[in-house]
Each structure stands twice: as C-alpha cells, then as structure tokens.
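In what follows, a structure is listed as structure tokens, so that the remarks can point back to it.
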Amino acid sequence: MRQWPAEQQITALKYGAYTVLASCVMFGIGLLETILTDVTGKSYMLLSVASGLSALTFLVIVARWSLKRSGHGDLRQILQPYTEEFAQDLIRKASSITCFVVLMMLLFTHVLVKPIFLSKLDTSIQSVLSLSNFSLLLLLVAGVVWASTILLNLREEAED
Amino acid sequence: MDELTNQIAVLRAGRQISQTELAEAIGVSRKTISTVETGRFTPSVVIALKLAQFFEVPVEQIFSLKAAE
C-alpha cells in the first residue's frame with residue numbers, strides 16, 4: 001500500500017471532524033424532535049425540515065471531500081491509522097478531553113440528577129430522561145467535543 | 001517546568017524556504033512545522049533528527065531548553 005502523505009492525513013482528519021459535527025447536528029435535531037413530541041404530543045414540521053437539511057449538509061461535506069481528492073487515503077480515511085505525528089497527538093488530546101467530559105456527565109447524572117432531581121419531576125418529564133435519550137445525548141456531546149477540539153486545533157494559520 | 005525553544009524559523013529564513021517546503025522535505029504536514037515553530041507542539045526525536053539532518057546542524061542548535069524563572 002502506497003504511503004499516505006502527511007498533508008492528506010491532516011485534510012482527512014479535518015473532514016472527519018466536519019462529518020462528525022454534521023452528524024451530531026442531525027442526531028441532535030432528531031433528539032430534540034423526540035423530546036418535544038414526547039412532552040407536547042405534537043409533531044414539528046420545522047424540526048423535520050431542519051433534520052433533512054442537516055442530513056443534506058452531511059452529504060455535501062462528504063461529496064466535497066471526495067471531489068477535492070485531497071484526502072485520498074483509501075480505507076485509511078475511515079479507519080484513521082494516522083502516522084503523522086501532529087494528527088496522532090491531536091487525536092489523543094481530543095479523545096482525552098471527550099472522555100473527561102463524558103465521565104463528568106455520567107458522574108453528575110449519577111450523583112446529582114438521578115437521586116435528587118429525577119424523583120421530584122413530573123412523570124412526563126421523567127419519560128423524556130430515558131436511557132436511550134440520555135445515551136444519545138452522551139454520544140452527541142462526545143461527538144461535538146471531539147470534533148470541536150480537532151477543528152479548533154486545526155485552524156489555519158498564515159504561512160510565513 | 002523548563003520551556004523548549006527552537007530556531008526553526010530563523011534557520012528557515014536563512015535558507016529562504018517556506019513551511020510547506022520544509023514540511024515536504026522531512027515528510028510531515030505544514031501544521032506540524034507551524035505548531036513546532038510556535039512551541040504549541042513538541043515533536044518526537046525522529047522529527048528533531050530529521051530537522052537537524054535537513055539543516056545540517058546539531059539538534060542542540062535547533063532545540064534548546066529555556067529554564068523557567
């Protein structure tokens with residue numbers, strides 16, 4: 001297998017973060033729609049449209065990535081076995097921050113929300129805080145934190 | 001903690017090469033070079049040696065430790 005150029009690895013990482021962010025927006029809107037439907041019993045057309053638009057954004061990002069032909073690393077783009085040192089370091093950093101945030105969320109929920117607040121809430125609100133909704137929320141937060149960390153660290157700087 | 005400083009920008013200016021050209025020459029991304037130059041990323045010994053080899057100077061001439069005050 002030919003060597004994967006360093007610059008292309010950085011491009012793949014950047015587009016990978018964009019796709020994660022776009023999918024987080026898509027699933028985030030889906031979660032919001034589920035919660036609102038559960039609470040009010042109505043369906044929300046606007047949220048369905050927004051969900052469709054975010055799915056379209058996801059497709060545009062992936063298509064743009066493919067058309068640019070700049071990140072070509074074949075299957076490596078999906079599996080992400082980066083050899084570029086900065087990319088490796090950045091992924092480690094982003095994953096550590098993500099794990100920390102998710103752990104804090106779990107601890108906060110376990111120690112504070114569940115025993116103290118949940119019992120005082122209305123039954124309809126309690127049903128909103130279901131395991132599936134909470135799991136999806138955790139995944140969304142993890143995705144947003146990971147992608148934001150990557151993109152913030154990959155901000156373009158002018159070459160001198 | 002001691003701070004790592006480097007002379008990459010100076011050496012690059014001496015040779016009149018861009019970050020992209022240096023990155024291509026040693027097989028890393030431009031982002032690696034720019035973050036090393038600004039001190040935001042500490043490279044491995046491999047990259048340090050590649051830089052020293054490229055500039056034909058000892059590693060100590062590129063990287064040095066600045067004692068914390």
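The values are calculated or read from the model by the stated rules, or taken from the named source; none is laboratory data. Keep in mind the model is a prediction, meaning the values are calculated, not measured. Methodologically, a virtual Cβ is constructed for each residue, glycine included, from the backbone with ideal geometry; neighbour enumeration extends over all protein chains shown.
Scanning segment B:50-57 finds no residues that are within 26 Å of A:Leu151 (Cα to Cα), assigned to a helix (DSSP H, G or I), within 14 Å of another protein chain (Cβ to nearest Cβ) and within 12 Å of the chain's Cα centre (by Cα). Of the residues making up segment B:1-21, those that are of a type in the set (Gly, Ala, Ser) and either closer than 17 Å to B:Val45 by Cβ or more than 7 Å from every other protein chain (Cβ to nearest Cβ) (or both) are B:Ala9, B:Ala13, B:Gly14.
Within segment A:16-66, the set of residues being more than 27 Å from A:Pro81 (Cβ to Cβ) and exposed (fewer than 13 other Cβ atoms within 10 Å of the Cβ) comprises A:Thr40, A:Gly41, A:Lys42, A:Ser43, A:Met45, A:Leu46, A:Val49, A:Gly52, A:Leu56.
With respect to the conditions (1) modelled with pLDDT under 90; (2) of a type outside the set (A, V, I, L, M, F, W, C); (3) out of contact with any Leu (no Cβ under 8 Å at 6 or more places or on another chain), B:Asp2 lacks only one, and its number is (3).
Per the listing B:Leu65, B:Leu4, the residue uniquely surrounded by fewer than 12 Cβ atoms within 10 Å (Cβ to Cβ), on the phi < 0 side of the Ramachandran plot, not in a loop (DSSP other than H, G, I, E, B) and not hydroxyl-bearing (Ser, Thr, Tyr) is B:Leu65. Screening B:Ile62 on (1) farther than 25 Å from A:Leu90 by Cβ; (2) touching a Leu at 6+ places or on another chain (Cβ under 6 Å) shows it passes everything except condition (1).
Here segment A:67-88 is the region considered, the condition is being surrounded by 16 or more Cβ atoms within 10 Å (Cβ to Cβ) and more than 14 Å from every other protein chain (Cβ to nearest Cβ), and the residue that is modelled with the lowest pLDDT is A:His72. In segment A:8-43, the residue that is nearest to the other protein chains (Cβ to nearest Cβ) out of those that are free of Cβ contacts under 8 Å to residues at least 24 places away in the same chain and more than 18 Å from A:Gly143 (Cα to Cα) is A:Glu33. Considering A:Leu139, A:Leu118, A:Leu151, A:Leu112, the condition of being modelled with pLDDT under 85 and surrounded by 13 or more Cβ atoms within 10 Å (Cβ to Cβ) is satisfied by A:Leu118 alone. Number of residues in segment B:22-48 that are within 10 Å of another protein chain (Cβ to nearest Cβ), surrounded by 14 or more Cβ atoms within 10 Å (Cβ to Cβ) and assigned to a helix (DSSP H, G or I) equals 12.
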